[in-house]
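Structure first, then comments.
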Amino acid sequence: MNTPIFDFVRSYAEKNTARFHMPGHKGKGFIGCEQFDITEIKGADELFSANGIIAESEKNAASLFGTAKTLYSTEGSSLCIRAMIYLAATESTEKRRKYILAARNVHKAFIYALALCDVDVVWISGKTDSVCSCDITADDVENALKTKEYPPIAVYVTSPDYLGRRLPINEIADVCHKRGTRLLVDNAHGAYLHFLPERSHPMDLGADMCCDSAHKTLPSLTGGAYLHVSTAAPEYYSENAKNAMAFFGSTSPSYLILSSLDLCNRYLSDDFCGKLKIRAEEVERTKEALKENGWSVLPSEPMKITILAPEGKSGTELADLLRNVGFECEYADEEYLVIMISTETDERELFSLVHAIGTNILPLRREKTLNMSPSPMAMTVRNALFSQSETIPVSFAQGKVCASPTVSCPPAIPIAVSGEIIGKEQVAVFRHYGIEKVSVVKEK
Ligand SMILES: Cc1ncc(COP(=O)(O)O)c(C=O)c1O
């Protein structure tokens, strides 16, 4: 597969042209990659009105993922999430207040997108044992859709989630389409799913749009992401997706990230599927080895290993132990430790991980449910986020209105959502996740 963006950037760097344009490093600098860090000069195309090398590279990506449109983001999935909400909101001709139906474990970018687009949210309740997950079924979505007086702008779910759990996207998509609504998926953690022997990317399973953080699971620089529009989605999405991205994005996209997405296309088209299959099998064997050594390993997507910490030891303590012997994990909290793998992980690293984590001799922890039920809203998400706010200790938060979504980062998933009246249960969850301060709407 050709790599038009990288070819252009490299040949420009090789010409040693005197750079009387941005950026100020002029191709020289401290990191070593500055020569490839250009701006939208002649021939370099423009990300948000692409008709040259970027358009060509995005078409390559669309053909790899089998989509109607795949657009690049150099500002992560966060930008794509804002664009998805904007597209769903502007497609809807509903005159009453627009709302979206969503499973609660959203990334905070979703809350900001609601505020920017002035859309309300109705939560689909689901079981959970962690702020990271919200286990909903197609029936839950159907029941939520049935009970509403008028349709939402879309249904929005996160799958896979931070712990690697996946939702039945195909069933949820069927229900959405049967009831005349769209399905949008936050697939930030699942770009690679299209390349597994059994394709299970949201675009394969019937979602209308989704975002992928290429940088989370593919060999792409941080910030590289895709907004995908399905071939079955309304044309409105494909036709307006670029404008939607431009509406929220920076006018200075990073050509380092664009080059990396461009080169990633070639990587994906050259036997990525074969490499991924082998790595997925190795990860499966690693999970089995950990189980044999007494660890409780959760079922998860193939490129994550999620360990439920035993009684008497937290996920954070396990992460500290591993850090001290040279392993840095993706995420840890009281209950969980999350290890992320990709085709770039070496099989020997997996062996040494099993060795380093050793044998568990502590009793296994039982999974428990967490009360993540939403609190009543005192004002819209937008009004809360556009109000003056103050930061107060959690012990004083009960009864106050949440301003900025209160998250621990990672996973940047709100426990209290902007506009909600913070309840006793939420205060308990803040404490559980070690959150000490919350941002609340300032009372006059
Ligand atoms: C589930 C989920 N969605 C969206 C995002 C935002 O992605 P990005 O960092 O690519 O903007 C994240 C980031 O961690 C995430 O975990």
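The values are calculated or read from the model by the stated rules, or taken from the named source; none is laboratory data. On a predicted model such as this, the values are computed, not experimentally measured, just so you know. Ideal geometry is used to build each Cβ from the backbone, glycine not excepted, and the neighbour counts take in all protein chains shown. Calculation scope for accessible area: heavy atoms of the full protein, side chains included, ligands and nucleic acids excluded. Shrake-Rupley method; radii C 1.70, N 1.55, O 1.52, S 1.80 Å.
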TODO: Please work out which one of (1) β-branched (V, I, T); (2) closer than 19 Å to P253 by Cβ; (3) open to solvent by 50 Å² or more (accessible area, probe 1.4 Å) is the condition I54 fails and give its number.
DONE: (3)
- [ ] Quickly run through region 145-174 and pick out the residues that are touching a strand residue (DSSP E or B) at 6+ places or on another chain (Cβ under 8 Å) and of a type in the set (V, I, T).
- [x] I153, V155, V157, T158, I169, I172
- [ ] Select from region 200-239 the residues that are more than 16 Å from the ligand (Cβ to nearest atom) and open to solvent by 40 Å² or more (accessible area, probe 1.4 Å) and list them in ascending order.
- [x] D204, L205, T231, A232, E235, Y236, E239
- [ ] Sort out which residues of region 152-198 are closer than 21 Å to V297 by Cα, open to solvent by less than 20 Å² (accessible area, probe 1.4 Å) and of a type in the set (D, E, K, R), and write them in order of number.
- [x] D161
Open item on the list: Looking at region 339-387 only, could you name the residues that are within 25 Å of P310 (Cβ to Cβ), open to solvent by less than 60 Å² (accessible area, probe 1.4 Å) and among the charged types (D, E, K, R)?
Closed with: R365
Task: Residue, farthest from the ligand (Cβ to nearest atom), within region 171-196, restricted to residues that are part of a loop (DSSP other than H, G, I, E, B), in contact with a helix residue (DSSP H, G or I) (Cβ under 6 Å, 6 or more places away or on another chain) and not charged (D, E, K, R) - done: H189
Open item on the list: If I ask for residues that are within 16 Å of the ligand (Cβ to nearest atom) and among the aliphatic types (A, V, I, L, M), which ones from region 394-407 would you list?
Closed with: V407
- [ ] Restricting attention to region 114-134, report how many residues are without any contact (Cβ under 8 Å) to a residue 60 or more places away in the chain and within 15 Å of the ligand (Cβ to nearest atom).
- [x] 1
- [ ] Would you check which residues across region 257-290 are among the hydroxyl-bearing types (S, T, Y), open to solvent by less than 30 Å² (accessible area, probe 1.4 Å) and out of contact with any Gly (no Cβ under 6 Å at 6 or more places or on another chain) and list them?
- [x] S259, T286
Task: Hits in region 304-323 (condition: aliphatic (A, V, I, L, M) and either assigned to a strand (DSSP E or B) or on the phi > 0 side of the Ramachandran plot (or both)) - done: I305, I307, L308
Task: Subset of region 135-154 [more than 16 Å from the ligand (Cβ to nearest atom) and outside any loop (DSSP other than H, G, I, E, B)] - done: A138, D139, D140, V141, E142, N143, A144, L145, K146
- [ ] Specify which of the listed residues (K287, K304, K313) is touching a residue at least 40 places away in the same chain (Cβ under 8 Å) and more than 22 Å from the chain's Cα centre (by Cα).
- [x] K313
TODO: Kindly indicate whether E328 is open to solvent by 80 Å² or more (accessible area, probe 1.4 Å), of a type outside the set (A, V, I, L, M) and under 30 Å from L221 (Cβ atoms).
DONE: yes
- [ ] Please tell me if I53 is hydrophobic (A, V, I, L, M, F, W, C), more than 16 Å from the ligand (Cβ to nearest atom) and closer than 29 Å to S269 by Cβ.
- [x] yes
Open item on the list: Taking the condition of being open to solvent by 20 Å² or more (accessible area, probe 1.4 Å) and outside any loop (DSSP other than H, G, I, E, B), how many residues in region 106-134 meet it?
Closed with: 9
Task: Near pairs, Cβ below 6 angstrom, 6+ apart or cross-chain, from region 216-238 (part of a loop (DSSP other than H, G, I, E, B)) to any residue that is of a type in the set (D, E) and surrounded by fewer than 18 Cβ atoms within 10 Å (Cβ to Cβ) - done: P219/E344
TODO: Have a look at S250, S254 and point out the one that is touching a Gly at 6+ places or on another chain (Cβ under 7 Å), polar (S, T, N, Q) and open to solvent by 20 Å² or more (accessible area, probe 1.4 Å).
DONE: S254
- [ ] Filter region 240-257 for residues that are within 16 Å of the ligand (Cβ to nearest atom) and in a loop (DSSP other than H, G, I, E, B) and give the result.
- [x] G249, S250, P253, S254
Task: Condition check for L114: at pLDDT 95 or above and closer than 20 Å to I413 by Cα - done: yes
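Table: residues versus (1) within 12 Å of the ligand (Cβ to nearest atom); (2) closer than 13 Å to V119 by Cα; (3) at pLDDT 95 or above.
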position	(1), (2), (3)
T67	no, no, yes
T74	yes, no, yes
S77	yes, no, yes
C80	yes, no, yes
I85	no, yes, yes
R97	no, yes, yes
L101	no, yes, yes
Open item on the list: Between E301, E288, E284, which is assigned to a helix (DSSP H, G or I) and closer than 27 Å to A214 by Cα?
Closed with: E284
Task: When residues of region 408-437 are limited to those that are assigned to a loop (DSSP other than H, G, I, E, B) and open to solvent by 60 Å² or more (accessible area, probe 1.4 Å), the one farthest from the ligand (Cβ to nearest atom) - done: E436
